[in-house]
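One structure is given here, and the rest of the page talks about it.
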Amino acid sequence: MSWQSGEALLTESQTFGRLRLGTRWYRPVTRQILQSLTLGVLMSRDQRTQEQRYSVSGDSVKTRSKIAGGGLFAELGANWMVTSHLSLGAAWHADVTYTRITQRTAGGEPMRLPPNVRSTQWSASLGQLVLRAGVYF
């Protein structure tokens with residue numbers, strides 16, 4: 001690979017995982033309509049590494065970000081039993097999450113990039129519509 005003056009090469013890798021655990025209760029409204037209520041916890045973990053190398057100076061900057069979060073979620077919905085083995089439905093989804101972000105940077109000019117950045121974030125989502133289909137055995 002030949003670099004031109006002023007170019008930079010960026011490499012990036014990312015790993016992530018998400019987990020939602022909860023309990024769902026059903027209540028019949030009519031013979032074919034079931035109301036559902038779901039309550040649970042959610043967890044997430046992300047890690048991203050970025051390295052940027054500059055062709056002119058030969059400098060490189062490496063940034064590693066770690067994001068960990070957790071929270072609670074709820075869904076209120078209804079399912080239409082098309083057959084005894086197939087349902088179609090919709091639910092209103094809400095969640096509250098806490099996220100902790102840690103970012104470490106190495107390389108580059110010392111005064112240009114902060115070496116460590118930490119932040120905390122609370123967020124609430126109150127208006128997501130979830131469409132779903134279910135197959136029952």
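Quick notes
- Taking the chain and dividing mean pair separation by its residue count, relative contact order in percent (alpha carbons under 8 Å, at least six apart): 21 percent
- In this rough spin-label picture, where each label sits 7 Å from Cα along the Cβ direction, the residue 7-residue 103 distance is 2.7 nm.
- Inverse of mean 1/r across different Cα pairs in the chain, Kirkwood, Å: 18.8 Å
- Debye equation applied to the C-alpha atoms of region 16-87, log10 I(q)/I(0) at 0.12, 0.14, 0.22 Å⁻¹: -0.58, -0.66, -0.95
- Taking each residue as 0.36 nm, the span from residue 86 to residue 49 lengthens on full extension beyond its C-alpha to C-alpha distance by 9.0 nm.
- Using heavy atoms of the protein chains and a probe of 1.4 Å, the accessible area assigned to residue 98 is about 80 Å².
- Net charge, residue 72 excluded, C-beta distance under 13 Å - Lys, Arg +1, Asp, Glu -1: -1
- Among 91, 10, 44 the positive-end extreme of the charge dipole of the chain (Cβ point charges): 91
The values are calculated or read from the model by the stated rules, or taken from the named source; none is laboratory data. A quick note: this is a predicted structure, and the numbers were derived from the prediction, not measured. FYI the Cβ positions are ideal-geometry reconstructions off the backbone, even for glycines, and counts take in every protein chain you see. Surface areas here come from the heavy atoms of the whole protein model, side chains and all, with no ligands, DNA or RNA. Shrake-Rupley method; radii C 1.70, N 1.55, O 1.52, S 1.80 Å.
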